[in-house]
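Colleague: Just passing along the structure, written as structure tokens.
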Amino acid sequence: MTLSTMTHLVGSLSGAVYDADRLWRTDPVDGRPLQARYDSQVAARTLTKAAMATRRTNGMWRWAELLPVRSPGRRIYLGEGATPLLSAPGAGRALDVPRLMVKCEGGNPTGSFKARGMAAAVSRAAELGASAFIAPSAGNAAGALATYGAAAGLPVTVVMPSDVPVAHRVESILAGARVLLVDGLISDCGLIAGRIAQATGAFDVSTFKEPYRVEGKKTMGLELAEDLGWRLPDVVVYPTGGGTGLVGMWKAFDELQALGLIGGERPRMVGVQVAGCAPIVRAFTDGQRFARPWEGARTRAAGIRVPGAVGDFLILDALRASGGTAIAVDEAEMDDAQGLAGRCGLGYVSPETAAALAAVGQLRSSGWLSRDDQVVMFDTGVGHKYPPPPDVPEPAVVAADEDDVDRLLNLAAGP
Ligand SMILES: Cc1ncc(COP(=O)(O)O)c(C=O)c1O
């Protein structure tokens, strides 16, 4: 039986050390994120390349030594993780990036990579005694929290902007969660969730305001190395809102190196945002370590409509240390890329994924990406839960006895 080798938590800015077996939220010193640390020597004894080749089940929990849950019986496993990393020849040809690959996170329970984070956070917090959960969400995190809370048999409240797509609302309600809609942005939802958490004692799993969601999400980085034969690609492209996905992967690479499973090489990390909400891109360009909140955030890609990220400096540090970059695409480019993804066989991807695909095209056009680069783009979630992009033609409805084939084909929507 493989067990967690977590030793302690550390303040990401203060460096202060905390007992890993108490339920913490942020660093009491400065309110910044706490991060889990593991005993790499102990983990290296069982987490070997040969051992991983034999661990065929349990999705992301295959990496138990580097995850925070102590008791195997407390791992809530609904099928998260172990997603495919696929070559994307169609998109690669269209964008002139022949070695483009896609890590397909839409196959996770609830349709996005958020499942990984909530699996870890709910399992660990419940193991430490949490008896109710709350979180603000742009949508995908709400569905995931509601689902993992239901699996744990614990009550969940989610707080979402009132314009959240209906599928996210319905998914959360059907999973038994209380759903509150706020006339505001995700940051306003965060304040309300915080108030409710304080008054009720529900454990608040807001992005980077507890240490474990990022631990689940880092398994994307662990898998990436294993998928590529214990190597990392030249470039990773990731749609970035709160940043846990990107920061988690960056943490994963260090942990793999500490275990001797990879060397010191790292991909150039690319954080993708949309022009209507690009605080990380602005801070990256201005050489700032912390990102000023974005005023009037607007984009259809709700998961990256995050005006102020608590882990801003962690995102920016990772982008810079990797030799990577931050890029904002226009809303219309994102909309077009959603269609390109469909036509290239990537499926109906989320607008966040479409933003990442548009960014790959732009980075190739500008020469930042070369034809030789092996590029892994993260398809972070399915498109089915979102309203459709603008300008999708409406197919005609025809009579059931219509038999004029030319007329039928003329009426059909599509290219
Ligand atoms: C589909 C999708 N992609 C990307 C993101 C951004 O993720 P992160 O907060 O890890 O930056 C989100 C967040 O909600 C999302 O739902």
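The values are calculated or read from the model by the stated rules, or taken from the named source; none is laboratory data. Bear in mind that the values here come from a model prediction, so they are computed numbers and not experimental data. For neighbour counting, all protein chains shown are included, and Cβ atoms are generated from backbone atoms with ideal geometry for every residue, glycine included. Surface areas here come from the heavy atoms of the whole protein model, side chains and all, with no ligands, DNA or RNA. Shrake-Rupley method; radii C 1.70, N 1.55, O 1.52, S 1.80 Å.
Colleague: Note down the net charge around Ala258, summing +1 for each Lys or Arg and -1 for each Asp or Glu among other residues with Cβ under 14 Å from its Cβ.
Modeller: With Lys, Arg at +1 and Asp, Glu at -1, the neighbours total +1.
Colleague: Leaving out ligands, DNA and RNA, and with a 1.4 Å probe, what % of the accessible surface on the chain is carbon or sulfur?
Modeller: 53 percent
Colleague: Once fully extended, how much extra length lies between Arg298 and Ala332, figured as 0.36 nm per residue of separation less the alpha-carbon to alpha-carbon distance?
Modeller: Residue separation times 0.36 nm, minus the Cα-Cα distance, leaves 11.0 nm.
Colleague: Could you let me know the centre-to-centre spacing of the range 144-194 and the range 80-141, using Cα atoms, in angstrom?
Modeller: 18 Å
Colleague: While we're on this one: From the C-alpha gyration tensor of the range 1-148, pull out the three semi-axes of the equivalent ellipsoid (sqrt of 5λ each), sorted largest to smallest, in whole Å.
Modeller: So the three semi-axes of the range 1-148 are 29, 21, 17 Å.
Colleague: Hey, rough spin-label estimate for Leu13 and Gln374, points 7 angstrom out along Cα→Cβ, what's it come to in nanometres?
Modeller: Here the answer is 3.7 nm between the modelled labels.
Colleague: Picking from Pro68, Val42, Ala91, whose Cα lies most toward the positive end of the charge dipole for the range 38-160 (charges on Cβ: Lys, Arg +1; Asp, Glu -1)?
Modeller: The listed residue farthest towards the positive side: Val42.
Colleague: Which net charge results when you count Lys and Arg as +1 and Asp and Glu as -1 among the other residues whose beta-carbon is under 13 Å from that of Gly201?
Modeller: Cβ neighbours under 13 Å give a net charge of +1.
Colleague: If you take the beta carbon distance between Ala167 and Ala399 as r and set R0 to 30 Å, what does 1/(1 + (r/R0)^6) give as a FRET efficiency, to the nearest 0.05?
Modeller: 0.45
Colleague: Also, quick follow-up: Using alpha carbon coordinates only, what is the Rg to Rh ratio of the chain, with Rh defined as the Kirkwood radius?
Modeller: 0.98
Colleague: Could you tell me the distance between the Cα centroids of the range 1-19 and the range 234-301, to the nearest Å?
Modeller: 22 Å
Colleague: At most 11 other Cβ atoms within 10 Å and a DSSP loop assignment: could you name the trypsin sites (Lys or Arg not before Pro) in the range 337-399 that fit?
Modeller: Qualifying residues, ordered by number: Arg371.
Colleague: Moving to a separate point now. Which value, in Å² and to the nearest 10, is the accessible area of Ser370 when all protein chains are kept and the probe is 1.4 Å?
Modeller: The accessible area comes out at roughly 40 Å².
Colleague: Just add up the charged neighbours of Arg343: K/R +1, D/E -1, any other residue whose Cβ is under 13 Å from the Cβ of Arg343.
Modeller: 0
Colleague: In the structure displayed, which of Lys49/Lys209; Lys209/Lys251; Lys103/Lys209; Lys49/Lys103; Lys103/Lys385 lie more than 24 Å apart, Cα to Cα?
Modeller: Lys49/Lys209; Lys103/Lys209
Colleague: If you put +1 on each Lys and Arg Cβ and -1 on each Asp and Glu Cβ, how big is the dipole of the range 49-182 around its Cα centre, in Debye rounded to 20?
Modeller: For the range 49-182, the charge dipole is close to 480 debye.
Colleague: So if I take the centroid of the Cα atoms in the range 344-396 and the same for the range 39-59, what is the distance between those two points in Å?
Modeller: Using only Cα atoms, the two centres lie 34 Å from each other.
Colleague: Separate question: If you wrap a convex hull around the alpha carbons of the range 92-217, what volume per residue comes out, as a whole number of Å³?
Modeller: 122 Å³
Colleague: Summing -39500 (n - 2.57) over the DSSP H runs of n ≥ 4 in the chain and dividing by its residue number, what mean residue ellipticity at 222 nm do you reach, to the nearest 500 deg cm²/dmol?
Modeller: Result for the chain: -11000 deg cm²/dmol, rounded to the nearest 500.
Colleague: Given the Cα atoms of the range 118-191, and with Rh set as the inverse mean 1/r over their pairs in the Kirkwood sense, what is Rg to Rh to two decimals?
Modeller: 0.97
Colleague: May I ask you to give the solvent-accessible area per residue for the chain, in square angstrom, as obtained with a 1.4 angstrom probe?
Modeller: With the other protein chains kept in place, the chain gives 40 Å² per residue.
Colleague: Something else about it: Would you mind calculating the gained length between Ala50 and Leu78 on full extension (0.36 nm times residue separation, minus the Cα-Cα distance), in nm to one decimal?
Modeller: Taking 0.36 nm per residue and subtracting the Cα distance, the gain is 7.5 nm.
Colleague: Next question. Let me cross-check Glu171: its accessible surface, 1.4 Å probe, with only protein heavy atoms counted, in Å² to the nearest 10?
Modeller: 40 Å²
Colleague: Still on this structure: Counting alpha carbon pairs within less than 8 Å and at least 6 residues apart, what relative contact order, in whole percent, applies to the chain?
Modeller: 16 percent
Colleague: Mind ordering 333-339, 214-220 by average Cβ neighbours within 10 Å, highest first?
Modeller: 214-220, 333-339
Colleague: What residues of the range 382-400 lie in the reach of a label at Leu411, counting those whose backbone N is under 12 Å from a point 7 Å from the Cα along Cα→Cβ?
Modeller: 395-400
Colleague: Out of all DSSP beta bridges in the chain, what portion is antiparallel? Express it as a percent rounded to 5.
Modeller: 35 percent
Colleague: Can you find, among Ala413, Ala341, Val102, the residue farthest towards the positive end of the dipole of the chain? Put +1 on the C-beta of Lys and Arg, -1 on that of Asp and Glu.
Modeller: So the residue furthest toward the plus end is Val102.
Colleague: Sticking with this one: Which of the aspartates and glutamates could a cross-linker span from Lys114 if the Cα-Cα distance has to be under 17 Å and same-chain partners fewer than 8 positions apart are dropped?
Modeller: Cα-Cα hits under 17 Å: Glu80, Glu105, Glu171, Asp204, Glu210, Glu215, Glu223, Glu352, Asp379.
Colleague: Once the cut-off is 27 Å, how many percent of the Cα-Cα pairs in the range 195-341 end up in the long-distance tail?
Modeller: Of the Cα pairs, 27 percent sit more than 27 Å apart.
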